[in-house]
Structure formats: C-alpha cells, structure tokens
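The values are calculated or read from the model by the stated rules, or taken from the named source; none is laboratory data. All values reported here derive from a predicted model rather than from experimental measurement. Cβ atoms come from the backbone with ideal geometry, glycine included; neighbour counts cover every protein chain shown.
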Amino acid sequence: MEKLIIAPSILAANFAELGSEIDMLNASAAEWIHVDVMDGMFVPNISFGFPVLEAVKKRASKVLDVHLMIEKPERYLEAFAKSGAQVLTVHYEACPHLHRTVQQIKDLGCLAGVAINPSTPVHVLEDIIHDIDLVLIMSVNPGFGGQKFISNAIKKTKEVAELAKSKGLGKLKIEIDGGVSLTNASELINVGANVLVAGNFVFSSPNPQETIAHLLELGN
Ligand code: DX5
Ligand code: ZN
C-alpha cells in the first residue's frame, strides 16, 4: 500500500488566525493541506478563492491539495496552479469534458484528481482512472464541513482499490473526504484509502497536532 497521507482541511480552521493555523499544520505530521474551494453554484456554499490560496501558499511548507467544488473548473485551473495548488481535484459531476480537463491539470504540472459525490458510482471512473493520480471519494455531500460520514464510502473505497488493482495502477492515491475521524479511519485504510482528509475532527480537537499524529499512526 501507498504510504498514508493526512490532509487536514483548512475549511475548519479559524480564519481570523489562519497564519498560526498554517504554522501549526507545518509543524504537524500532516503531509498535505486540503483547501476546499466552493463557488455557490456547484455546491450551496462559498468558501474562498485565489487571494486566500496565495496567502496560504506563502506560509505553508506542505503540499497544497486543492479540491475544486466549482462549475466549469477548466476556466480557472491555470490560476489555481499559479496561486500554489500542487494537487488539483475536479468533480466528475462538474466536467463534461473530463479527459481534457485532466490533461490540462497535468500540463500545468499538478497532480490530477477526480472527485465523485456520494450518489455517483465508482464505475464512471473506468475510462479515466489510467489518466489520473488521485480519486477523491466524497463521504459527505460536498458544501460543508462537520457533516456525518456516509458509510457507503467504505464500499466505494474498496471498489476503487479493486479497480486500480485490476488495471495495475499501484500508485493511485485514494482520498476520502468528509466526516473522517478515528472511528472510521482504520476501516477506510483497511479497504485501500491512502489519503485521509479531516476538517472538524482535527481542528475541533483539544490538540490538533496529536489528532493528526493519531490518524497517521493508523497507517503503520
Ligand atoms: C466538504 C469538503 C470537506 C470538508 C471536510 O465539502 O470537501 O473537505 O471540509 O470536513 P470534515 O472533516 O469536517 O467533514
Ligand atoms: Zn474537500
């Protein structure tokens, strides 16, 4: 199995203290920082955009894993890459020309990810999985942090892992996003997850760095 990566979502950070929140993550066992971009169209919420990403980039020493919950993401891929994204994930449901969009991400020198919503079956990935670096399985309906984990995501993780194996894609990153905690993380890892996003579970805990370390230990 690929080494486990913990990607805390700064959607759950204290935005008034974003600099020190990033410093805290820099000093933690998290390898990636998950950045949730929402446009109020693809999802019923608006988070933040380029100025915030650029500011985070200046401060962060970790990989910026940018999750685009926006319609027609191809309009902004270059701008996100220039603002500091190293992993760019678009939604299957938001991209009619997904293959082209994925190629654009790769041409920008970023890792390319495709996300699927809870109601989207894994088999839609069959003809794109060879071309991507990462599959993101939504384990909540995108738009908000702090929601309850939808346990069907465990079955879907297993299906993605099996699909990747059947196609010889040993390096594929399988990322789970939404409601991840110590309650479900072990099971997710056991069925093939190798990147865990955690927002509220990390930032609402008394000691976020310890919480990140505990999640990471499950991968050993
Ligand atoms: C939901 C976002 C998630 C979210 C995760 O739309 O994509 O990344 O911030 O937060 P928690 O871990 O609190 O569910
Ligand atoms: Zn996300």
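Tabulated values for the structure
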quantity	calculated
Unique match (being of a type outside the set (Val, Ile, Thr) and surrounded by 15 or more Cβ atoms within 10 Å (Cβ to Cβ)) among Asp133, Asp127	Asp133
Within the range 123-153, considering residues that are within 14 Å of ligand 1 (Cβ to nearest atom) and touching a His at 6+ places or on another chain (Cβ under 8 Å), the one nearest to Glu175 (Cα to Cα)	Leu136
Any chance Val160 is crowded, with 20+ Cβ neighbours inside 10 Å, more than 10 Å from ligand 1 (Cβ to nearest atom) and assigned to a helix (DSSP H, G or I)	yes
Only listed residue being out of contact with any strand residue (DSSP E or B) (no Cβ under 6 Å at 6 or more places or on another chain), within 16 Å of ligand 1 (Cβ to nearest atom), of a type in the set (Gly, Ala, Ser) and touching a residue at least 12 places away in the same chain (Cβ under 8 Å), chosen from Ala115, Ala94, Ala79	Ala94
Any hit, the range 93-101, residues being in contact with a Leu (Cβ under 7 Å, 6 or more places away or on another chain), surrounded by 17 or more Cβ atoms within 10 Å (Cβ to Cβ) and at pLDDT 95 or above	no
The range 89-119, residues that are over 20 Å from Ile154 (Cβ atoms) and in a loop (DSSP other than H, G, I, E, B)	Cys95, Pro96, His97, Leu108, Gly109, Cys110
Residues located in the range 1-39, provided they are away from ligand 2 (no atom under 16 Å from the Cβ), part of a helix (DSSP H, G or I) and of a type in the set (A, V, I, L, M)	Ala16, Leu18, Ile22, Met24
Filter result (within 29 Å of Ser186 (Cβ to Cβ), among the hydrophobic types (A, V, I, L, M, F, W, C), touching a helix residue (DSSP H, G or I) at 6+ places or on another chain (Cβ under 8 Å) and within 16 Å of ligand 1 (Cβ to nearest atom)) within the range 26-60	Ala30, Ile33, Val35
Residue check for Ser28: polar (S, T, N, Q), buried (at least 17 other Cβ atoms within 10 Å of the Cβ), farther than 20 Å from Leu4 by Cα and at pLDDT 95 or above	no
